[in-house]
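Please treat every number below as a calculation from the coordinates, not as lab data. Being a predicted model, the structure only gives us computed values, none of them experimental. Using ideal geometry, Cβ is built from the backbone for each residue, glycine included, and neighbour counts are taken over all protein chains shown.
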Amino acid sequence: MAELRLSHLSKVFAGGVVGVDDVSLAVGEGAFTALVGPSGCGKTTILRLVAGLEEPTDGSVHIGPRDVTWLPPRERDVAMVFQNYALYPHLTVRENIGFPLRVRKIAAPEVARRVRKAAELLEIDALLERKPAQLSGGQRQRAALARAIVREPALFLFDEPLSNLDAQVRAQTRAELVALHRRLGATMLYVTHDQVEAMTMAQSVAVMAKGRVLQEGAPMTLYREPASLAVARFIGSPSINTVTGRTTGTRFEGALSCDARVAAHAEAVLAVRPEHLVLGPAIDASPAIITLVEPLGPESLVRLRLRSGEDLVARVAGEAPWHVGDDVGVRVVPGEGLCFRASDGARLSARRDAP
């Protein structure tokens with residue numbers, strides 16, 4: 001395992017299309033970092049630049065002490081796990097897992113040892129004589145992981161590896177990947193468009209848009225302290241609520257109002273997480289009407305529309321006592337409103353707006 005460092009990395013494709021724009025990022029030795037963002041934001045391009053499948057327009061890639069920016073893929077000591085598994089259909093699981101070792105002309109006994117060890121680690125040792133067509137999606141992904149593990153690389157790269165799995169298998173495989181990282185202590189860079197995957201698996205998350213890293217940090221730091229409205233909107237499920245209005249220096253005033261303590265008067269956007277909306281009688285609260293109630297067992301999502309026409313979603317514990325069409329009051333939990341400048345989405349307030 002080794003540290004990964006990207007320094008001012010850029011990639012401009014033919015026609016002037018910017019794929020990656022001046023990205024600097026460090027993944028510590030043994031760390032698990034996720035790149036997350038919408039389709040086309042540049043996260044897969046970064047992975048391909050690290051793997052050597054694309055050449056950068058500018059910047060550098062270091063793996064450990066080595067500058068690998070211009071090295072061919074085979075000399076970078078990385079293993080990549082793809083979305084579509086990339087297993088050879090005519091080979092058995094055993095042969096697929098051992099393939100990269102045979103290419104490197106590793107001795108047969110060592111190949112057999114590593115294949116057996118990786119298969120046991122991922123609990124697919126009973127499937128070694130099967131062909132990929134005889135496996136479920138989750139089993140194929142484990143085989144692809146095992147093929148990466150046997151190489152004992154300095155760095156693991158994951159390109160949307162769970163996106164082809166159904167919801168239940170995806171959740172199970174997420175947990176298995178986290179456990180695998182703990183056991184291997186390996187350095188991992190993981191690309192996904194699914195912010196739930198990034199939040200639940202990675203130690204550090206980098207949110208991307210338009211080829212740039214908007215913010216990088218621990219998952220809960222991004223959730224609680226987003227540096228911009230774009231990050232606030234991308235992180236969290238359901239998405240953060242937003243209401244337009246104006247700051248007065250001590251408060252945000254709009255269809256919802258709360259203490260904001262920002263220094264200047266400005267057109268602004270108030271952002272509030274669903275769990276930080278309180279519903280109750282429309283006394284000393286903004287009036288709204290319930291448009292949908294979604295019971296989820298231990299909690300409910302309550303969708304509502306303010307009289308201003310702006311839609312919100314609140315997360316409440318247990319079964320919601322309201323129904324579609326009910327009038328309700330909504331207010332912000334003190335200290336939990338985030339203000340952003342309307343013009344560019346820059347953060348205006350810290351999390352200290354409680355009296």
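Details
- Furthest towards positive pole of dipole, Val115, Pro65, Gln139, structure part segment 4-224, Cβ charges: Val115
- Tail fraction, Cα-Cα pairs, segment 238-341, threshold 19 Å, whole percent: 39
- Take every Cα pair under 8 Å whose residues are at least 6 apart in sequence, average their separation, divide by the length of segment 189-260, and the relative contact order is 17 percent.
- Positive-end residue of Val103, Phe82, Ile124, charge dipole of segment 74-136 with Cβ unit charges: Val103
- Cα pair distances of the chain binned at 10 Å [whole percent]: 5, 21, 25, 21, 15, 9, 3, 0
- The fewest-to-most ranking of Val243, Val328 by surrounding Cβ atoms within 10 Å reads Val328, Val243.
- For the pair Leu53 and Ala14, label points projected 7 Å from Cα toward Cβ lie 1.9 nm apart.
- As a proxy for reagent exposure, Tyr190, Tyr223, Tyr88 were ordered by neighbouring Cβ count within 10 angstrom, fewest first; the result is Tyr88, Tyr223, Tyr190.
- Look at where the Cα atoms of segment 192-227 and of segment 82-148 average out, and the two centres are 31 Å apart.
- With the convex hull drawn over the C-alpha atoms of segment 1-132, the volume per residue is 147 Å³.
- Candidates Val269, Trp322, Gly297 compared by Cα position along the dipole of segment 238-341: farthest toward the positive end lies Val269, with charges placed on Cβ.
- The amide H of Thr248, built 1.01 Å from its N in the peptide plane, has Glu253 as neighbours under 5 Å, considering only residues 5 or more places off or on other chains.
- Value of relative contact order over the chain, rounded to a whole percent, pairs C-alpha under 8 Å and six or more apart: 15
- Counted charge near Cys41, where neighbours are those whose Cβ lies closer than 11 Å (Asp, Glu -1; Lys, Arg +1): +2
- Under the convention that each Lys and Arg Cβ holds +1 and each Asp and Glu Cβ holds -1, the size of the dipole of the chain around its Cα centre is about 1000 debye.
- For the chain, adding -39500 (n - 2.57) for each run of n ≥ 4 DSSP H residues and dividing by the number of residues yields -7000 deg cm²/dmol at 222 nm.
- 17 Å reach of a label modelled at Ala167, 7 Å along Cα-to-Cβ, counting backbone N of segment 276-306: 293-302
- Least to most buried among Ser10, Ser163 (fewest other Cβ within 10 Å first): Ser163, Ser10
- Dipole magnitude of segment 142-230, debye to nearest 20 (Cβ charges: Lys/Arg +1, Asp/Glu -1, about Cα centre): 160
- 5 angstrom amide H check on Leu348, placed H, neighbours 5+ away: Cys339, Phe340, Arg341
- Helices assigned as whole DSSP H runs in the chain whose Cα atoms extend at least 15 Å along their own long axis and whose mean Kyte-Doolittle hydropathy is -1.0 or higher are found at 93-103, 108-121, 137-149, 167-184.
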